[in-house]
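Q: Before I ask anything, let me first share the structure, which is written out below as structure tokens.
No value in this document is a laboratory result; all are computed from the given coordinates. Not measured: the values here are computed from a predicted model. Every residue, glycine as well, gets a Cβ built from its backbone with ideal geometry; the counts of neighbours run over all protein chains shown.
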Amino acid sequence: MKGSTKRKSVSYAKWGYIFILPFFAAFLIFQMIPLASTIYYSFFEYYRSGLNIIGPNFVGLENYKALLGSDFTKYMGNTLILWIIGFLPQIFFSLLLAAWFTDLRLKIRGKQFFKVVIYMPNLIMASAFSMLFFALFSDNGPVNAFLISAGLIDKPFRFLSTVVGARGLVGLMNFLMWFGNTTILLMAAIMGINPALFEAAELDGCNHTQIFFKITLPNIRPILVYVLITSMIGGLQMFDVPQILTNGKGTPNRTVTTIIMFLNNHLYSKNYGMAGSISVILFIICAVLCIGVYFSLNGDDSKPKKKKKKAARAAKA
Amino acid sequence: MRKSAKSLLALALAGAMVLSTAACGSSSTTSETTEAPAAESAEAGKVLNIWCWNDEFQSRFNDYYPGVKEVAEDKSTTTLEDGTTVKWTINPNENNNYQNKLDEALLGQADAAADDKIDIFLIEADYALKYVNSDYTMNVADLGLTEEDMAGQYQYTKDIVTDDNGAIKGTTWQATPGLFAYRRSIAKDVLGTDDPEKVQEALSDWDKFNDVAEQAHEKGYKMLSGYDDSYRTFSNNVSAPWVEGTTVKVDENIMNWVEQTKEFTDNGYNNKSSLWDDQWAADQGPKGKVFGFFYSTWGINFTLLGNSLETPEDEGGKAEVGNGIFGDYAVCEGPQSYYWGGTWICAATGTDNADLVKDVMYQLTCNADIDKQITLDTQDYTNNMQAMEEIAADPDFGSDFLGGQNHVALFAEAAKKIDMSNAGAYDQGCNEKFQAAFKDYFDGNISIDDAKANFETAIKETYPELTEVVWPD
Amino acid sequence: MRQKNENAHPIFTLFVHLVLIFLAFLCLFFFYILLINSTRNHFDIQKGFSFLPGTSFVSNFKKVMADANIPVLSGIKNSLIVSSASAILATYFSALTAYGLYAYDFKLKKPAFVFIMLILAMPTQVSALGFVRLVDRMHMMNTLWPLFLPSIAAPAVFYFMYSYIQSSLPMELVEAARMDGCGEFMTFNRIVLPIMKPAMAVQAIFSFVGAWNNYFIPALVISDNNKKTLPILIAALRSADFLKFDMGKVYMLITIAIIPIIIVYLLLSRYIVDGVTLGGVKE
């Protein structure tokens, strides 16, 4: 620690590099090498027949051709549908709860209790959660017993043997596991909004709904984008819930087979060629969506926003 | 040049510094992981590495292998009289984890240090040939285990681990012949008799079996619980292995299963359950209305018995007549012979303890005294014809659960008839994918052609080397 | 007008409470059945669902604890090590990276940011087997290290931290610290970290839970019984042979495994209850 005069002449740029170094180092060591080999082998025929290793033989784009000739688009569609079934209620209830929890005019008894409880399903591991789902929704389970006694159906609805039932259960489980997580994030975002804005809106006579759409939503956009992007990526890479709920089969009629389950099917024979090409395609789709969403919703106004905030801060001071 | 080297150093230092500050939060906890127990194995003598996916073999070994001197408190090692340390590596099966790890370990076997080399690994029948047909598994004859030693074993247990060249590459202490366990009370109602011989007569081929299913249905019973119950009985009696060259040849008998199961489902002869689901288990219990279940050795005296009780034994119930439907089951051979389950012991190529491996195999799978003792102690049906026939001939031996019937006698008969010469390396994938694909067909979701197409897709995903699927006419 | 807006309409308030109670019921219901199932006998569980407890709680517990192949206590310890280390590494280094990208101007700033956004989109399932081979080459098989070290690079956590820091950290504060002669690391550790604490707590919960319930990679890396984490032990019980397969034990171990994480969650949840504010307009 010599005098501060010396440091002042030095650019701070190097600290930027130093601070981001561990992240990039860890990424390069633990993820880049496997990722690079994934991409590399997507151009090879490379799998195991029993314990015999076949390949790697360079095949160019054959794996990609085979992929496009398969039901890849069907699985992509399944994945999107399964994600949306879970995501719509998730974002709806999360926004609702976040708005309620942060609404000062709304006196909620046991608010702290509710806030803590909604995240708790996420603490249960997916495999345990599925076991409970099996028990609840089985042919002789309580849900069917209830529906029958309520006179809604006359024989058990076989949830996991129908497309609607199986997809619905995957969506329901994803919703239950993740809506608390999203609520916490959105709540945080709403509480970060300058209370002066709400006060002003109230003075102008806005009601709950108006405040929500005019003040809350626009102001939590960065976190909404975060939620959207992370959920979308999570959704496109959905695996454990449908895998376990359908015993790894993606039934009925492969309508609950997601992209990653499709990929996982190829890992049985360590088919690094096909698995690699699926990963690359999925990666490209994710990256395009990610960057697209980020820059269309967030990027263009991040600068002016900062200015706005600064202005607000200056006004306060 | 020097400048950049210097700044690199600075970066590295900064990184190290960050790491050290970050680590203090968890240092007390992480330090323990670095102290691996490395020193102990080197001097204590040989290490016998055994890989498996559960502790079944471990407990048999610890209880019955004559050379066992001491079992570690955490069961992770067993010490033998000659000073050898047996090291157990148990990896659960979930997500194919056991095979994934075993494969990597076997592929790296040549480079592994002597004390890390796998000596023994265990396999199941459905994927046995994947290992048996590879050079990573030793011919038991090369270990010194002779055909004479194994002469007392059931033939089918040897078929399953016989490679393409006819060499036997594994051995098992278990035989798991299957029977048809039926409800006496329902049989009386439907057939007018609960006598195992007469019931067997009524069920001795599939046509008769289907007729009984119809009769049972008329009386308000289900013949079977679910789709997969009879699958093994069909798949164990195919005319050729699943795969020839790179072509999957779906056997006629497998299609017979499809036909039967579809008929049963559409006519309401089954309860649309799947193996191990709660409907299936409930159907075996006091409230069940199912005629019978295909079950093998372990299943009858444990799973079926447990499911049949009203009050479980752990909760104060007694395994005796009056508790649930204890005593209401009986067994007969059923329409076709089959087996279900079993675990085989294989020697890994490159083992540095060949003599010991041979002795383990010999003692546990060829020694009639030990095998008989295992059966008497644990009710596990063992792979020794002589020992089993001694029990079968014992007039005092009978199962209260089966109404006094000597089921071992029936098992002993059934086990000899099982023919697994058509077992193949693709059995696991083919059987699983086939059942999954046709479940949709039975459920009425898709046509039989769609089910076939789905099977073709699934099987080619699982085994990229397979090119074609041929269906019987 | 103001008067009227002071409190929400009672019927609306009632409605809100009903919705909340329903959701809370849904959330807690699963814990209830878990607990119920841990008191039931294997065969009862197999035969179907029950709302009422059985009488096998003690025997299930004893059976789990007596199984020498299922070292529950060391499983809890290993899970705690891996999960805490993951949470600490992920939050600390993500905050550091976010701060590095936020507070400093350098040539590669924008590319670095876009790069992290890209790897956020990377399917992780894919490189799992490659990762395991790498771990093998690094001689870290059968150690806990590879289960938490990769958390240093957690793009999703970074992205959250970046959003937070953007709205909550006035650069003036950093500049003032520099004036006082604080080194850059000291500024980060003493000034920036405290401001980020709520965001770190939230992400720490998420990372902790994620690591706690992770099975796939740990199962491939760990073989020794005394290094297994809880999900591997649960899987081990589930692949028991038929004579020993016992759903009562499985549910008991799941229940045992969930207790520490509930405790950790409740400890950290005050940040959720008090409310993490994103956006730094503090009154």
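Q: Once the dipole of the protein assembly as shown is set up with Lys and Arg at +1 and Asp and Glu at -1 on Cβ about the Cα centre, which of B:187, B:243, B:446 lies farthest towards its positive end?
A: The listed residue farthest towards the positive side: B:446.
Q: Given R₀ = 25 Å, what would the calculated FRET efficiency be for residue B:467 paired with residue B:252, taking r from the Cβ atoms and rounding to 0.05?
A: The calculated FRET efficiency here is 0.70.
Q: If you take each beta carbon of peptide C:19-32 and count the beta carbons of other chains within 10 angstrom, what is the mean?
A: Whole-number average of other-chain Cβ neighbours for C:19-32 is 6.
Q: In whole Hz, with x marking every Gly and Pro, tabulate ³J(HN,Hα) for region A:238-245 from phi via Karplus 6.51 cos²θ - 1.76 cosθ + 1.60, θ = phi - 60°.
A: Working through the residues one at a time gives 4, 9, 5, 4, x, 4, 6, 5 Hz.
Q: With only Lys, Arg, Asp and Glu charged, each at its Cβ (+1 for the first two, -1 for the last two), find how big the charge dipole of the protein assembly as shown is about the Cα centre; round to the nearest 20 debye.
A: About 8860 debye.
Q: List the relative contact order of region A:70-268 as a percent without decimals, with contacts defined as Cα pairs under 8 Å and 6+ residues apart.
A: Relative contact order of region A:70-268: 35 percent.
Q: If you average 1/r over all unlike Cα pairs in region C:2-58 and invert the result, what Kirkwood radius do you get in angstrom?
A: Roughly 14.2 Å, rounded to one decimal.
Q: Using just the helices of chain C, give the 222 nm mean residue ellipticity in deg cm²/dmol: DSSP H runs with n ≥ 4 each add -39,500 (n - 2.57), and the total is spread over all residues, rounded to 500.
A: Result for chain C: -21500 deg cm²/dmol, rounded to the nearest 500.
Q: Have a look at C:81, C:247, C:152 and report the one farthest towards the positive end of the charge dipole of region C:65-274, computed about the Cα centre with Cβ charges (Lys/Arg +1, Asp/Glu -1).
A: C:247
Q: Which log10 I(q)/I(0) values, to two decimals, does the protein assembly as shown give at q = 0.04, 0.06, 0.07, 0.08 Å⁻¹ under the Debye formula with one point per Cα?
A: -0.23, -0.51, -0.69, -0.89
Q: Hey, if you drop one equal point scatterer on each alpha-carbon of chain A and run the Debye formula without solvent, what base-10 log of I(q)/I(0) do you get at q = 0.10, 0.13 Å⁻¹?
A: -0.82, -1.15
Q: Please find the FRET efficiency linking residue B:141 to residue C:62, where r is the Cβ-Cβ separation and R0 is fixed at 45 Å, and quote it to the nearest 0.05.
A: 0.45
Q: Here is a further query. Quick one: putting +1 on the C-beta of Lys and Arg, -1 on the C-beta of Asp and Glu, what dipole do you get for chain C around its Cα centre, in Debye to the nearest 20?
A: In debye, rounded to 20, chain C gives about 420.
Q: Mind sorting B:126, B:205, B:400 by how few other Cβ atoms lie within 10 Å of their own Cβ, fewest first?
A: In increasing order of surrounding Cβ atoms, one gets B:205, B:400, B:126.
Q: Within straight cross-link reach of residue B:169, meaning Cα distance under 16 Å, which aspartates and glutamates are found once same-chain residues fewer than 8 apart are removed?
A: B:119, B:124, B:126, B:135, B:142, B:147, B:148, B:149, B:159, B:355, B:359
Q: To the nearest 500 deg cm²/dmol, what mean residue ellipticity at 222 nm is calculated for chain B from DSSP H runs of n ≥ 4 alone, each contributing -39,500 (n - 2.57), summed and divided by the residues?
A: Result for chain B, helices only: -12500 deg cm²/dmol.
Q: Also, I was wondering about something else. Determine the calculated [θ] at 222 nm for chain A from helices alone, applying -39500 (n - 2.57) to every DSSP H run no shorter than 4 residues and normalising by the residue count; nearest 500 deg cm²/dmol.
A: -21000 deg cm²/dmol
Q: While we're looking at this one, here's another question. In chain C, with Lys and Arg counted as +1 and Asp and Glu as -1 at Cβ, which of these residues, C:213, C:58, C:129, has the Cα nearest the positive end of the dipole, that is, farthest along it?
A: It is C:58.
Q: Given that compact globular proteins tend to follow 2.2 N^0.38 Å, what is the ratio of the alpha-carbon Rg of region B:177-260 to that value?
A: Scaled against compact globular proteins, the figure is 1.28.
Q: Work out the length of the dipole vector of region B:79-147 about its Cα centre, built from +1 on the beta-carbon of each Lys and Arg and -1 on the beta-carbon of each Asp and Glu, and round it to the nearest 20 debye.
A: 140
Q: Counting other beta carbons within 10 Å of each Cβ, put B:396, B:115 in order, fewest first.
A: Ranked by crowding around the Cβ, least crowded first: B:396, B:115.
Q: Distance cut-off 20 Å, Cα to Cα: go down the list C:77/C:227; B:262/B:460; C:77/C:228; B:198/B:262 and report the pairs above it.
A: B:262/B:460; B:198/B:262
Q: For chain C, what's the relative contact order in percent, using C-alpha pairs closer than 8 Å and at least 6 residues apart?
A: Relative contact order here is 31 percent.
Q: Next up: Where in region B:372-467 are there chymotrypsin sites (Phe, Trp or Tyr not before Pro) that are in a DSSP coil and have at most 11 other Cβ atoms within 10 angstrom of their Cβ?
A: In loop regions of region B:372-467 (DSSP not H, G, I, E or B), there are no sparsely surrounded chymotrypsin sites (Phe, Trp or Tyr not before Pro).
Q: Name the residues whose placed amide hydrogens come within less than 5 Å of the amide hydrogen of residue B:137, ignoring near sequence neighbours (fewer than 5 apart) on the same chain.
A: It is B:349, by chain and number.
Q: Over its Cα atoms, what ratio of radius of gyration to 2.2 N^0.38 Å does region B:265-379 give?
A: Rg over 2.2 N^0.38 Å, computed on Cα atoms: 1.45.
Q: If exposed means no more than 14 neighbouring beta carbons inside 10 Å and the site is in a DSSP loop, what's the longest run of chain C without any exposed trypsin sites (Lys or Arg not before Pro)?
A: Between the exposed loop sites, the longest stretch runs C:108-281.
Q: Find the centroid of the Cα atoms in region C:24-54 and in region A:188-222, then give the distance between the two in whole Å.
A: 43
Q: Give the Cα extents of region C:167-232 along the principal axes, in whole Å, largest first.
A: On the principal axes, region C:167-232 reaches 54, 22, 14 Å in Cα extent.
Q: Here's something else I'd like to know. Just the Cα atoms of chain B, one point each, no solvent: what log10 I(q)/I(0) does Debye give at q = 0.07, 0.10 Å⁻¹?
A: Taken in order of the listed q values, log10 I(q)/I(0) reads -0.45, -0.84.
Q: Any chance you could list the semi-axes, whole Å, largest first, of the equivalent ellipsoid that the Cα gyration tensor gives for region A:43-85, using √(5λ)?
A: With the √(5λ) rule applied to region A:43-85, the semi-axes are 29, 14, 7 Å.
Q: Can I ask one more? So which helices of chain A fit the span-like rule, where a helix is a whole DSSP H run, its Cα atoms reach 15 Å or more along the axis, and its mean Kyte-Doolittle is at least -1.0?
A: Correct list, ordered by number: A:13-27, A:72-102, A:126-137, A:163-191, A:221-236, A:272-297.
Q: Along region B:374-379, what does the Karplus equation 6.51 cos²θ - 1.76 cosθ + 1.60 (θ = phi - 60°) give for ³J(HN,Hα), rounded to whole Hz, x for Gly and Pro?
A: Per residue, the Karplus-derived 3J(HN,Hα) values read 4, 5, 5, 7, 10, 6 Hz.
Q: Ratio of Rg to Rh for chain C, alpha carbon only, Kirkwood?
A: Reported Rg/Rh (Cα atoms, Kirkwood Rh): 1.06.
Q: Treat region A:234-278 as a sphere of radius equal to its Kirkwood radius over Cα pairs and apply Stokes-Einstein at 20 °C in a medium of 1.002 mPa s; give the translational diffusion coefficient in µm²/s, rounded to a whole number.
A: Once the numbers are plugged in, D ends up at 202 µm²/s.
Q: Among the listed pairs A:115/C:197; B:117/C:63; B:130/B:416; B:219/B:416, give every one whose C-alpha distance is greater than 30 Å.
A: B:117/C:63; B:219/B:416
Q: For each of C:9, C:139, count neighbouring Cβ atoms within 10 Å of the residue's Cβ, then give the residues from fewest to most.
A: Taking fewest neighbouring Cβ atoms as first place, the list is C:139, C:9.
Q: Assuming 1.567 mPa s and 4 °C, estimate D for region B:241-280 with Stokes-Einstein, Rh taken as the Kirkwood radius over Cα pairs, in µm²/s.
A: 107
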